[in-house]
Amino acid sequence: MNIRKANLKDSEKFLDMLKQLDKEIKYMLFEPGERTATVEKIKDRINIDIFKQLTLIIDDGERIGGFLSAERGYTKRIRHSAYVVIGLLKDYREQKLGTKLFEEMEKWALENNITRLELTVVESNEVGIKLYEKMGFKKEGLKERSMIVDGKYVNEYYMGKVL
């Protein structure tokens, strides 16, 4: 397994992985079939200046097994922070790959003067919360009724980490 920065050649496999995540994970934003991104949109996302955004992938040589993206705040007042999203396909979980993705992302954050990381997580996602807390994130608040999953409202925690 290789963890590395995504490049333009990864766009098609990256989109395939996102669509598979939509099927496997109820905690992600999109429901199966709802994602409208194209390979070109994925290329645009990957091509954003490394100073502004980082997209890391898990590459096993055949497919992309997961990702972590960190997007820096655009305005001066929040440029010191980055919003983090992570997703791993089922076959790539429980192998410490999430931890490795976070470790690599934090190196990038420190190199780019980012001193705060933020994310949201569905409150019933115990595995995710455990990982984030292990990586030093703390619960900062509750986002009530933030999503509808299987016809029911679910809450999310706001979590943050100061570097």
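None of the figures in this text is laboratory data; all of them are computed from the coordinates on show. Since this is a predicted model, take the numbers as computed values, not measurements. Cβ atoms come from the backbone with ideal geometry, glycine included; neighbour counts cover every protein chain shown.
For this structure, a couple of remarks:
- Between Phe30 and Glu103, the simple label model (points 7 Å from Cα in the Cβ direction) yields a spacing of 3.0 nm.
- Rounded, prolate or oblate (a/c below 1.5 giving rounded, otherwise prolate when a/b exceeds b/c) for segment 78-140 by Cα gyration tensor: oblate
- Rounded Å value of the spacing that divides the Cα centres of segment 1-72 and segment 103-163: 18
- Packing order of peptides 16-29, 79-92, highest average first: 79-92, 16-29 (average count of other Cβ atoms within 10 Å over each peptide's residues).
- For the pair Glu40 and Asn112, a Förster radius of 30 Å applied to the C-beta separation gives a FRET efficiency near 0.70, rounded to the nearest 0.05.
- Put simply, the chain fits an ellipsoid with semi-axes of 22, 21, 16 Å; these come from the alpha carbon gyration tensor as the roots of five times its eigenvalues, largest first.
- Per-peptide average of other Cβ atoms within 10 Å, ordering 30-39, 128-137 highest first: 128-137, 30-39
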